[in-house]
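A short write-up of the structure that comes next.
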Amino acid sequence: MTKKLFFFLSVVGALQAQELKIKAATFHADQKTGISVFEGEVNIIKDSDELNASKVTVHLNQERKPTKFVAERDVSFFIKTQDGALYSGKAQKVIYLPLAKEYRFYQQVKLKQLDENKEIIGEEVVLKSIEGKAYAKGGEKEPVIMIFDLNETKGKEHD
């Protein structure tokens, strides 16, 4: 129990250096593999970013720094990219790679860019927050859907 508590405090200490807070109903860790699992109404907050899921697995390197977060089941999120773009949405699985600052969304993805009134719906979407780029792929039977709010004024004539 003491080793688990020490490992948990190490994980939280490494994450708090970036002001990251994880709340969950349960937590367990494997010090040998560097994997920590948070389950039950998991809530993660880092700066202005927020992620909610049923389960989040955190992978740590040998220096106990997080290298990958895997959120599963009914994931919702709010993300602010480095260039200030605001995103919110839902997916069934989200993988976050902190070193690349890259989000990968899977299954029933709905990603809204709030400041541009755009929405991407698909089965796989990648958001590169450093570059401010998004990529999407549809499912076997469903295409990617991109929705734009053109905000056109009614009654205005076009050339």
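The values are calculated or read from the model by the stated rules, or taken from the named source; none is laboratory data. From a predicted model like this one, the values you see are computed outputs, not experimental measurements. Quick reminder, even Gly has a Cβ in these numbers, built from the backbone with ideal geometry, and neighbours come from all protein chains shown.
Values computed for the structure shown
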quantity	calculated
Every residue from region 110-119 that is hydrophobic (A, V, I, L, M, F, W, C) and under 15 Å from the mean Cα position of the chain (by Cα)	111
Region 127-138: number of residues that are surrounded by 15 or more Cβ atoms within 10 Å (Cβ to Cβ) and either at pLDDT 90 or above or not in a strand (DSSP E or B) (or both)	1
Residue, surrounded by the most Cβ atoms within 10 Å (Cβ to Cβ), within region 15-46, restricted to residues that are at pLDDT 95 or above and assigned to a loop (DSSP other than H, G, I, E, B)	24
Selection from region 94-124 of residues that are surrounded by 16 or more Cβ atoms within 10 Å (Cβ to Cβ) and of a type in the set (Lys, Arg)	104, 110, 112, 118
Tabulated pairs, region 54-76, first closer than 10 Å to residue 98 by Cβ, second among the hydrophobic types (A, V, I, L, M, F, W, C) and part of a loop (DSSP other than H, G, I, E, B), C-beta under 7 angstrom, 6+ apart or interchain	67/99
Any hit, region 139-148, residues being touching a Leu at 6+ places or on another chain (Cβ under 8 Å) and either buried (at least 16 other Cβ atoms within 10 Å of the Cβ) or in a loop (DSSP other than H, G, I, E, B) (or both)	no
In region 59-109, the residues that are among the small types (Gly, Ala, Ser) and not in a strand (DSSP E or B)	84, 85, 100
